[in-house]
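Chemist: Before I ask anything, here is the structure I am working with.
Nothing in this text is a laboratory measurement; each read-out follows from the coordinates by a stated rule. Here the structure is a predicted model, which is why all the values come from computation and not from measurement. Because the Cβ atoms are built from the backbone with ideal geometry, glycine has one as well, and the counts that use them run over all protein chains shown.
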Protein chains: 4
Amino acid sequence: MIKVAVVGASGYTGVELLRILVNHPEVEICCVTSRQHEGLPISEVFPSLHGFCDLVCEVLDVASIAARVDVVFTALPHKSAMEVVPGFLAAGCKVIDLSADYRLKDQAVYEHWYQAHSSPELFAEAVYGLPELYRDQLTDARLIANPGCYPTSIILALAPLLKAGLIDPGSLIVDSKSGTSGAGRGVKQGTLYCEVNEGFKAYGIASHRHTPEIEQELANLTEEDISLSFTPHLLPINRGILSTCYAGLMQKKTTAELLELYYDFYADEVFVRVMPGNDLPNVAFVRGTNFCDVGLVSDQKTGRVIVVSAIDNLVKGAAGQAVQNMNVACGFAENQGLKIVPIFP
Amino acid sequence: MIKVAVVGASGYTGVELLRILVNHPEVEICCVTSRQHEGLPISEVFPSLHGFCDLVCEVLDVASIAARVDVVFTALPHKSAMEVVPGFLAAGCKVIDLSADYRLKDQAVYEHWYQAHSSPELFAEAVYGLPELYRDQLTDARLIANPGCYPTSIILALAPLLKAGLIDPGSLIVDSKSGTSGAGRGVKQGTLYCEVNEGFKAYGIASHRHTPEIEQELANLTEEDISLSFTPHLLPINRGILSTCYAGLMQKKTTAELLELYYDFYADEVFVRVMPGNDLPNVAFVRGTNFCDVGLVSDQKTGRVIVVSAIDNLVKGAAGQAVQNMNVACGFAENQGLKIVPIFP
Amino acid sequence: MIKVAVVGASGYTGVELLRILVNHPEVEICCVTSRQHEGLPISEVFPSLHGFCDLVCEVLDVASIAARVDVVFTALPHKSAMEVVPGFLAAGCKVIDLSADYRLKDQAVYEHWYQAHSSPELFAEAVYGLPELYRDQLTDARLIANPGCYPTSIILALAPLLKAGLIDPGSLIVDSKSGTSGAGRGVKQGTLYCEVNEGFKAYGIASHRHTPEIEQELANLTEEDISLSFTPHLLPINRGILSTCYAGLMQKKTTAELLELYYDFYADEVFVRVMPGNDLPNVAFVRGTNFCDVGLVSDQKTGRVIVVSAIDNLVKGAAGQAVQNMNVACGFAENQGLKIVPIFP
Amino acid sequence: MIKVAVVGASGYTGVELLRILVNHPEVEICCVTSRQHEGLPISEVFPSLHGFCDLVCEVLDVASIAARVDVVFTALPHKSAMEVVPGFLAAGCKVIDLSADYRLKDQAVYEHWYQAHSSPELFAEAVYGLPELYRDQLTDARLIANPGCYPTSIILALAPLLKAGLIDPGSLIVDSKSGTSGAGRGVKQGTLYCEVNEGFKAYGIASHRHTPEIEQELANLTEEDISLSFTPHLLPINRGILSTCYAGLMQKKTTAELLELYYDFYADEVFVRVMPGNDLPNVAFVRGTNFCDVGLVSDQKTGRVIVVSAIDNLVKGAAGQAVQNMNVACGFAENQGLKIVPIFP
């Protein structure tokens, strides 16, 4: 049994962490923070939590929190995270950071896409929290950089092909579509109901901040630099990311042969479901869960493979993966607290 | 540990039963039936179930199934249910019937609203499966008539007031709104995406088949016959029923006084959450769970009380309540397998 | 050909006024105002308008605008409207005010529900802009108080019954459901996509500000005071209001008899469509148009009539009705610019 | 003034044709056909049409219809169309066929993707109804093959680049997303509300029947064969297609330079709106209209251009383009009946 804090609990990632953690048999939630809702029970901020978690929101005080917990989930915006993470580490807590602040390994790249970083000395220690690729390093990690939602969906879709050297790294094009919860709970005109509903658009073409994170991790899987085209879109649904990935095959391979490769690659993974035959993923079938569903088609006509992956951006793309990382880092069964069946419809 | 069958597994109620039962620690699912999908794994019918339940759909054979299981959930349309329920009972199974076939106590009323009934002799034995009102009788029940979705939301909303004799039974008006999963998975033009999305309508005004069920159960709570106005509407959401109930108060009572009555009435109920203060239920905050959230306002100007309740029609309105009934009837903790946190957003 | 200004053009009512007015053969749009977007073409605020209206947003200057136009549509929040309406009138403009500021006839009632009023002397002159009831007075009106969206849907639903003295005014209960555009384009957490989508709730029970407006207008149709129960709900759709109205019949009348009454009452109305037979309105079938569709059922069992009406809250509930009022007040054909076919699906 | 028939009026394309045609000043609608709804007024099939078009549905009788009308819109499934089109032509009608039956020029290609064709002799005469590319040939056309929805969005997005020889034809990848009305009004489980809502998936990867149509038309714009990767997806919205197109640039060009090319190419086109600066299309801003909005980004990092286009699949992707074609073929102003402002929100 460990004690945890959820720092930044009033966003969608925060409430999702709580939804999962309240039923985790090895976890006691001891603290939730929210500047905006200080003094209010978190179950008034999110009536869904009534009876499950009625803790009162605190302001964020590193020393006070560190004295009470073993593991801290920081669900803060980038920049805010780096202001508190070193303090929690110094006080002896494990930190699972859901912001972008410790995901990139190259300070210059971080500072080009975000802003100046105040603790780049932690980059080397931070483990990129994708257990399917970094399980060994996560076992002893003090600081886990929880991956971005888009990167998770894309890296898992492409890892087997890149690792096997089957695709041309220069040919990668990824067209992703995300549900609106990915834009957070902050009030913005662009995420008002009437602006999103019955609409669909691309945004941040060739300029989205997840691009260097995706490129860093894909490059780690091969021996070449990666420069991909990445286009995110905004879907009128609450949850879910579907990534459609295009790559030129360097050898002729059938769909069946490529699926075989995926079955092997993910044979021991409890959270990656490779779709049988010609089935393709649908975000509806992973809703509320930590699964990444993957399907693919080898197109003989164009010599390309098209890989499609689906995740719930708030679970495998954020809170669920954070709990999976905690499980690995704390020695619990990897799917502890995460045996959730997708809710359909 | 008991063995169960889900008969009629390919509808939305069927998949919801499976979603809940696969994680129930006292249950082994031994059989799923679907005429349409005979021979197909249920996880191909519902890819959400991959890895959780990969049983192959059988055709419905009472003798064969009864030999293998202790409890049968019949998730069939009315009329189809009555064709198999007596056989399962005769073979020694407990039956939890999710159809309308055993909910009404008066054969003439049943046959007026539905059609001829082939086993009315079971009406006396069948227990109406609303544990909040009939827990004692459910303990030994062989045949449980799982309530309708609208009735569940309405009876729980009005029970405290009727029991306390505070409202005029002749004044009852209930305006209910249901998500589209309530219409089932059968293909009909009226439930196509483009017909429902961005639309909203009433249907079955003064003629919906749940009316006699609601009236029967409300009458049981008071000493008078009940004749209510009930208007269902179709909501463009997947899940959820919100019922807005209007009743004339026979004594002046403040909102606070009436809330007190509700807190007392439901003090020991784990699945009814009375909203604090002026909060009102939202179907979004019960999604995926067995909760019934209730809020109310006493309107001094008109002398009426307005009670609002929210449930997930597939859970407390169907599959979840069925499992709750099974828990009571089999002596398990009432919330076993149902400690689900609402998924929001 | 008249010259018009749309004051407060950057809200949903503003863009809807422009959508209708740009195709109105008798209208030239000369001015749009928006403090927030001063200097920006309105077609950058609303890309839907590209090529139709590329006027640059001005700040609101009464004198400058009054010098250029004949008719002013004020699409401002209440209180902001009263600050400019008297000036426009004094400068010789006709004003069609879409706020609540001139709808109520009783200053005390206004000030109880809203705040102090700075020009109550205009109450007597302001004509309530529901042409189906006040067409004669609108012909010469200088100041038209465009009705609220809920009141429009409710008054048109109940007028024939109240006028005919067929229902008990003390029995009125109205359960209304509105699309989210009714909450405006201002940024609020409550109207974020993820807060509204897949949700449904009541709000403002027994306390919504449209209540006195509805009661005032219904009382005008009968000889008694009206005190109704009015419950609004928030629908996860962009546009549309459906009102379900319950009233006790004072004489036995069949559905067919009551429909006959409605056909007669609305025989000459181009924007009220009484549904044939047992058909009931659906907001989907009035989308984008100035129609109010009405259907009803007489329930012999309870002695009540249930009337259902559907409008598009941004058209018959706001911008369309404002243009209809302009047409009447300026002597144009009443449906000029409003011969819009509903967009389905 | 011409007389027209809408053959196959009970689908979403049919009702959309009627929505547009009832307000067309040069058109009299004389006949609507629907086998399923024979004898029923079309306004009972689609209550949106009440008061606009109350014609009774006929069964399809070529001779009877041809005797009464000048132009026939065939809104039938492929194969059904070819059974009646030759008859209408022989009887002297102009035919605008919205099916796929006359779009392809190569019989072998048609028969590979569809089935045997009974009137391939008409292929040479049929004009592909994309006025932006084939206006001259449309002027005298007897038989117009109205383009598919996906092809329209893609061809208009890529035509300027291909015509200018700026992109590598072998590099084309198109990722398209369509609203659900594109799947038609036929009842299928896959388009039920609960199956589509809150879901998102790809389908028909590397195998969609629009592929050869797109390739044929793109090849016409360049001198090379085209073999593109085309992936359609199903969006949980009623209307709209967004196509995101990726192509390798053969010369370095900035976004501004490429936009200039587009402005020039479409300078005289009333229905193509090239977005200014960095703006990108959103299907919400073309809803209900015949516009194709186009935006683009030149990505220096990858050397690719990403072009995004948005149309309403039922208008520019079907009924609106059909009316535009009729206008061209009949000598009316090209935007007659199509001066519709997008409905937002």
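Chemist: Quick one: helix B:80-90 against the long Cα principal axis of chain B, what's the angle to the nearest 10°, folded into 0 to 90?
Modeler: Compared with the principal axis, the helix lies near 70 degrees.
Chemist: About its Cα centre, what dipole magnitude does chain C give when the only charges are +1 on Lys and Arg Cβ and -1 on Asp and Glu Cβ, stated in debye to the nearest 20? Please list the in-between numbers first.
Modeler: Working: 25 positive and 39 negative charges, 143 e Å.
In debye, rounded to 20, chain C gives about 680.
Chemist: Taking the convex hull of the Cα atoms, report for the range B:73-211 its projected area averaged over all directions, in nm².
Modeler: In nm², the orientation-averaged hull projection of the range B:73-211 is 10.2.
Chemist: Collect residues whose amide H, placed 1.01 Å from N in the peptide plane, falls under 5 Å from the amide H of A:ARG304; neighbours closer than 5 in sequence don't count.
Modeler: Long-range HN contacts for A:ARG304: A:LEU249, A:ASP299.
Chemist: Mind checking A:236-245 for the average number of partner chain beta-carbons within 10 Å of each residue's beta-carbon?
Modeler: Counting other chains' Cβ atoms within 10 Å and averaging over A:236-245 gives 6.
Chemist: In addition: What lysines does B:LYS188 reach when the alpha-carbon gap must be under 19 Å and sequence neighbours fewer than 8 apart in one chain are set aside?
Modeler: Counting by Cα, and skipping residues close in sequence, B:LYS188 has these lysines nearby: B:LYS201, D:LYS188.
Chemist: Give the average, rounded to an integer, of partner chain Cβ atoms located within 10 angstrom of each Cβ in B:328-340.
Modeler: Across B:328-340, the average partner-chain Cβ count within 10 Å equals 1.
Chemist: Rounded to the nearest whole Å³, what is the per residue volume of the convex hull around the Cα atoms of chain D?
Modeler: 135
Chemist: Add +1 for every Lys or Arg and -1 for every Asp or Glu among the other residues with Cβ under 11 Å from the Cβ of D:GLY248, and state the total.
Modeler: Counting the neighbours of D:GLY248, the net charge comes to -1.
Chemist: Given H placed on each backbone N at 1.01 Å, which residues far from C:SER176 in sequence or on other chains put an amide H within less than 5 Å of it?
Modeler: For C:SER176, the qualifying residues are C:THR231, C:HIS233, C:THR244.
Chemist: I would also like to ask the following. Which whole-number percentage describes the relative contact order of chain B, with Cα contacts under 8 Å and a sequence gap of 6 or more?
Modeler: 17
Chemist: Continuing with the same structure: Cut-off under 17 Å on the C-alpha distance; same-chain residues fewer than 8 positions from B:LYS94 excluded. Which lysines are left, in chain and number order?
Modeler: B:LYS3
Chemist: May I ask what percent, to the nearest 5, of DSSP beta bridges between residues of the protein assembly as shown are antiparallel?
Modeler: In the protein assembly as shown, approximately 50 percent of DSSP beta bridges are antiparallel ones.
Chemist: Using only Cα atoms, locate the centre of the range D:38-66 and the centre of the range A:75-140, then give the distance between them in Å, rounded to an integer.
Modeler: Here the answer is 65 Å between Cα centres.
Chemist: Where nothing but the Cβ of Lys and Arg (+1) and of Asp and Glu (-1) is charged, how large is the charge dipole of the range B:148-285 around its Cα centre, in debye to the nearest 20?
Modeler: I would put it at about 600 debye.
Chemist: Shifting gears a bit: Picking from A:TYR203, A:TYR150, A:TYR266, which is most flexible by a Gaussian network model of chain A using Cα springs under 10 Å?
Modeler: With Cα springs under 10 Å in chain A, the top fluctuation among A:TYR203, A:TYR150, A:TYR266 is at A:TYR203.
Chemist: Using the alpha-carbon atoms, what tilt in degrees (0 to 90, nearest 10) does helix C:12-21 show relative to the longest principal axis of chain C?
Modeler: 80
Chemist: Are any of the pairs C:LYS339/D:LYS177; B:LYS316/B:LYS339; B:LYS177/C:LYS301 more than 24 Å apart by Cα-Cα distance, and if so, which?
Modeler: Over 24 Å apart, Cα to Cα: C:LYS339/D:LYS177.
Chemist: By its C-alpha gyration tensor, with a ≥ b ≥ c as the square roots of the eigenvalues, how is the protein assembly as shown shaped: rounded for a/c under 1.5, else prolate for a/b larger than b/c, else oblate?
Modeler: Numbers: a/c = 1.28, a/b = 1.00, b/c = 1.28.
The shape class here is rounded.
Chemist: Tell me which of D:TRP113, D:SER64, D:GLY92 sits at the most positive position along the dipole axis of the range D:51-178, charges placed on C-beta atoms (Lys, Arg +1; Asp, Glu -1).
Modeler: D:TRP113
Chemist: Build a GNM of chain B with springs between Cα atoms under 10 Å: which of B:GLY51, B:GLY11, B:GLY129 gets the top mean-square fluctuation?
Modeler: Of the options given, B:GLY51 has the highest mean-square fluctuation.
Chemist: Calculate the dipole size of the protein assembly as shown relative to its Cα centre from +1 charges on Lys and Arg beta carbons and -1 charges on Asp and Glu beta carbons; express the result in debye to the nearest 20.
Modeler: My answer is approximately 0 debye.
Chemist: From the helices alone, meaning DSSP H stretches of at least four residues, give me the mean residue ellipticity at 222 nm for chain D, per-run term -39500 (n - 2.57), in deg cm²/dmol to the nearest 500.
Modeler: -8000 deg cm²/dmol
Chemist: Would you list, by chain and number, the lysines whose Cα falls below 17 Å from the Cα of C:LYS79, excluding same-chain residues fewer than 8 positions away?
Modeler: List returned: C:LYS105.
Chemist: While we're looking at this one, here's another question. Between C:THR222, C:CYS245, C:ALA267, whose Cα lies farthest towards the positive end of the dipole of the range C:206-273 when Lys and Arg beta carbons carry +1 and Asp and Glu beta carbons carry -1, centred on the Cα centre?
Modeler: Sorting the options by dipole projection puts first C:CYS245.
Chemist: Next up: With contacts defined as alpha carbon pairs under 8 Å and 6 or more residues apart, what's the relative contact order of the range B:244-345 in percent?
Modeler: Working: 164 pairs, mean separation 29.2, N = 102.
Relative contact order comes out at 29 percent.
Chemist: Let's test the formula: R0 of 22 Å, r as the Cβ-Cβ distance of D:LYS79 and D:GLU125. What FRET efficiency results, to the nearest 0.05?
Modeler: Result of the calculation: an efficiency of 0.65.
Chemist: Which one of D:GLY190, D:GLN137, D:ALA157 has its Cα pushed farthest toward the positive end of the charge dipole of the range D:130-225, where Lys and Arg give +1 and Asp and Glu give -1 at the Cβ?
Modeler: D:GLY190
Chemist: I've got another one for you. What residues qualify as long-range amide H neighbours of D:CYS292, i.e. H under 5 Å apart, gap of 5 or more or another chain, H built at 1.01 Å from N?
Modeler: Residues meeting the amide H criterion: D:VAL272, D:ARG273.
Chemist: Pick out which of B:LEU242, B:LEU130, B:LEU172 has the largest mean-square fluctuation in a Gaussian network model of chain B, springs linking Cα atoms closer than 10 Å.
Modeler: B:LEU172
Chemist: Report, largest value first, the span of the C-alpha coordinates of the range D:212-345 along each principal axis, in whole Å.
Modeler: 44, 36, 31
Chemist: Only bridges with both residues in chain A count here: give the DSSP antiparallel percent, nearest 5.
Modeler: So the antiparallel bridges in chain A amount to around 45 percent.
Chemist: Pick out, in residue order, every one of the GluC sites (Glu not before Pro) in the range C:1-56 that is DSSP loop and has at most 14 other C-beta atoms within 10 Å; say none if there are none.
Modeler: Values: sites: C:GLU16, C:GLU26, C:GLU28, C:GLU38, C:GLU44; in loops: C:GLU26, C:GLU38.
For GluC sites (Glu not before Pro) across the range C:1-56 that sit outside H, G, I, E and B with at most 14 neighbouring Cβ atoms in 10 Å, the list reads C:GLU38.
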